[in-house]
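Okay, so here's the structure we're looking at.
The values are calculated or read from the model by the stated rules, or taken from the named source; none is laboratory data. Worth saying up front: this structure is predicted, and the values here are computed from it rather than measured. Counting neighbours? That spans all protein chains shown, and the Cβs are built from the backbone with ideal geometry, glycine included.
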Amino acid sequence: MTHPIFDLSGRVALVSGAAQGMGRAMAIAVAEAGADVMVADINKEGVEATAKHIQSLGRRAVAVGCDITNVEQIRAMFAQLDQEFGRIDFLGNVAGPATLNKPEEIAIETFEKIVYGLLVARFCCCQEAGRRMLQQGKGSIVNIGSLASITALGRGNFAYSVGMGGVAQMTRELSTEWSGRGVRVNAILPAQVMNPGLEERMRTDPNLAATFLRGIPVGRFGQPDDIKGLSIFLASDASSFITGALIPMDGGNLAVNAGGTVGPTK
Ligand SMILES: NC(=O)c1ccc[n+]([C@@H]2O[C@H](COP(=O)([O-])OP(=O)(O)OC[C@H]3O[C@@H](n4cnc5c(N)ncnc54)[C@H](O)[C@@H]3O)[C@@H](O)[C@H]2O)c1
């Protein structure tokens, strides 16, 4: 039996990065709890497959191809949302760029691009969703942060880490500005959740998996589906007194302050 406090029937969600990984899992989770969903990704074919899966659950789903680092495309996506659904109750701000560079070597243009994608463009999504939710008097926004939102990583993630630090502060500021008018804003901070990029890095660096696992007391890496419970919880009235929170989803990493689980940096 499912507790009705988690019921998302009649609500509309927009989730970015929904072709695969945590974005896909989040979109499917809120749909399983009753929401209709607009799913966005730069990978149009992949996000159409996610929409098909959601439709097979009996929910409404619309797939949109969108480069989530492009403000014009974000605005067009929200205009389409208005036409298709006419409201938004939940935003899952999942997609975001990353790069690996030493701070002494990174091109300023690369640094700017990553911080822009993670912070400025993500804020554009929050602003578009927030304006609509404030008018409705209710809504929930979840930004995907990182361990890097609150601790240094020390392994070449400099631009990503600075951007994710900003995501934490954006979450706190928006929550403080908006929660009195019904719009909650929270962040989920995942540790290493398996995805194709991480698998590739582990293949090329045989020590990486053991280094990361030393920082995860649960003793395993995350899987995309690990985000499902938090997604439903934060989208639903079950979390109505929870806002401005940075919630680790990290197998205990931050509790031991492992943070970056720094390996050799030279
Ligand atoms: N996997 C982890 O260990 C981890 C940890 C902390 C934070 N994060 C962050 O969580 C987010 C999702 O991670 P994941 O593991 O699910 O990734 P993933 O690589 O499995 O999936 C990312 C999805 O985002 C889409 N995407 C990439 N760039 C895009 C763009 N510009 N516009 C629209 N869509 C785009 C991809 O096509 C893909 O479908 C990322 O922002 C990542 O930085 C991941």
Residue count, region 8-26 (criterion: within 11 Å of the ligand (Cβ to nearest atom) and touching a residue at least 40 places away in the same chain (Cβ under 8 Å)): 11
In region 205-261, residue nearest to the chain's Cα centre (by Cα) [restricted to those that are among the hydroxyl-bearing types (Ser, Thr, Tyr) and over 23 Å from residue 94 (Cα atoms)]: 261
Odd one out for residue 75, checked against (1) within 20 Å of residue 146 (Cα to Cα); (2) of a type outside the set (A, V, I, L, M); (3) outside any loop (DSSP other than H, G, I, E, B): (1)
Number of positions in region 181-239 that are free of Cβ contacts under 8 Å to residues at least 12 places away in the same chain and among the basic types (Lys, Arg): 2
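If we keep just the residues of region 156-204 that are among the aromatic types (Phe, Trp, Tyr) and farther than 19 Å from residue 241 by Cα, which is nearest to the ligand (Cβ to nearest atom)? Show your work before the answer.
Within region 156-204, the subset among the aromatic types (Phe, Trp, Tyr) is 158, 160, 178.
Still in the running and farther than 19 Å from residue 241 by Cα: 158, 160.
On the way: 158: 14, 160: 7 Å.
Of everything passing the filter in region 156-204, 160 is nearest to the ligand (Cβ to nearest atom).
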Single unsatisfied condition, residue 36 versus (1) within 15 Å of the ligand (Cβ to nearest atom); (2) more than 15 Å from residue 228 (Cα to Cα): (1)
Every pair of residues 6+ apart whose Cβ atoms lie under 6 Å, when the first sits in region 242-259 and is closer than 21 Å to residue 224 by Cα while the second is at pLDDT below 95 and of a type in the set (Ser, Thr, Tyr): 259/151
In region 86-98, residue farthest from residue 235 (Cα to Cα) [restricted to those that are touching a helix residue (DSSP H, G or I) at 6+ places or on another chain (Cβ under 8 Å) and surrounded by fewer than 17 Cβ atoms within 10 Å (Cβ to Cβ)]: 98
Residue 46 vs. criteria at pLDDT 95 or above, within 17 Å of residue 91 (Cβ to Cβ) and within 16 Å of the ligand (Cβ to nearest atom): no
Residue within region 91-106 that is over 22 Å from residue 161 (Cβ atoms), within 16 Å of the chain's Cα centre (by Cα) and in a helix (DSSP H, G or I) present: no
Within region 53-85, tally of residues that are surrounded by fewer than 22 Cβ atoms within 10 Å (Cβ to Cβ) and under 18 Å from residue 224 (Cβ atoms): 2
Any hit, region 250-266, residues being loosely packed, with under 12 Cβ neighbours inside 10 Å, at pLDDT 95 or above and in contact with a helix residue (DSSP H, G or I) (Cβ under 9 Å, 6 or more places away or on another chain): no
